[in-house]
Amino acid sequence: MSDAGPPSGPQAWAMQIVVHLPRPGSPEGDPPTRRALLEAVASAAGRLVAAGYADDADPDWAAAIRQYEDGWIRKVVRRARGVHWQRVQPLPGVGVTHDGASVRALLPGPVGELPDEVRRLQVGGTEVEDAAAPGERDADPAALAVALNPAVTMTAGKAAAQAGHAAQLAWHAMPGDRRLEWTAAGCPVRVVAVPPAGWQAALVRSGVVVRDGGLTEVTPGTTTAAAWW
């Protein structure tokens with residue numbers, strides 16, 4: 001599944017994901033690590049899809065998620081801080097705070113009909129630093145494992161969108177019992193660092209693979225992410 005396709009005009013649909021990126025040392029706190037940001041975005045995407053398919057889902061949410069998934073599952077990651085971050089909180093969507101990262105995945109809609117609070121937010125400038133080479137960590141046993149292709153260079157925003165795609169595809173691909181477990185746990189995600197030599201093995205073990213539509217940063221059809229559970 002790609003992150004975007006031919007319909008890229010004002011009526012194309014996308015999931016807008018707003019990430020909180022304060023300046024270092026500001027009263028709002030420090031920026032998150034890249035890994036935490038990716039995990040938070042992926043978790044938020046999973047939770048939003050799960051909310052749209054829940055038995056008690058709001059009909060408007062259910063309709064929006066289904067219409068969005070009928071096309072290309074495009075995601076746009078935008079940054080916000082200060083009052084701009086506060087202004088997106090009331091918008092329909094799902095918020096996640098994880099390991100110092102705060103994000104909000106908004107209910108999908110036409111890219112030509114964005115609320116002003118979202119339209120004014122910048123898409124670029126989402127790059128963040130990561131902690132020193134983390135290895136495998138103790139994690140929630142319910143967590144979805146997501147790996148990014150080590151041979152593909154992506155900004156943090158692009159990588160976060162790919163992790164979000166992987167989580168969304170995984171929600172649908174999981175066996176029913178595993179999906180219920182993951183949803184009940186809040187759709188936790190663990191980003192796994194895979195060395196170049198281990199990428200093919202990661203693809204073999206994966207339950208879903210993300211192939212990019214090529215609208216930004218990478219060529220069409222590039223394999224960007226994989227996930228397993």
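Annotations
- 2 or more residues at pLDDT 95 or above and touching an Asp or Glu at 6+ places or on another chain (Cβ under 6 Å): qualifying strands (runs of 3 or more DSSP E) within the stretch 163-229: 189-191
- Residues of the stretch 68-86 that turn out to be assigned to a helix (DSSP H, G or I) and either within 16 Å of residue 105 (Cβ to Cβ) or open to solvent by less than 40 Å² (accessible area, probe 1.4 Å) (or both), as a count: 4
- Enumeration of residues in the stretch 82-96 that are free of Cβ contacts under 8 Å to residues at least 40 places away in the same chain and not β-branched (Val, Ile, Thr): 84, 86, 87, 89, 90, 91, 92
- Close pairs from the stretch 139-160: first within 14 Å of residue 228 (Cα to Cα), partner in a loop (DSSP other than H, G, I, E, B) and of a type in the set (A, V, I, L, M, F, W, C), Cβ under 6 Å, at least 6 apart: 142/185; 144/229; 145/192; 147/192; 147/194
- Subset of the stretch 27-67 [charged (D, E, K, R), open to solvent by 70 Å² or more (accessible area, probe 1.4 Å) and not in a loop (DSSP other than H, G, I, E, B)]: 47, 60, 66
- Scope the stretch 185-205; condition under 18 Å from residue 174 (Cα atoms) and in contact (Cβ under 8 Å) with a residue 40 or more places away in the chain; matching residues: 185, 186, 187, 188, 189, 190, 191, 202
The values are calculated or read from the model by the stated rules, or taken from the named source; none is laboratory data. Not measured: the values here are computed from a predicted model. Because the Cβ atoms are built from the backbone with ideal geometry, glycine has one as well, and the counts that use them run over all protein chains shown. What goes into the accessible areas is simple: the full protein's heavy atoms, side chains included, and nothing from ligands, DNA or RNA. Shrake-Rupley method; radii C 1.70, N 1.55, O 1.52, S 1.80 Å.
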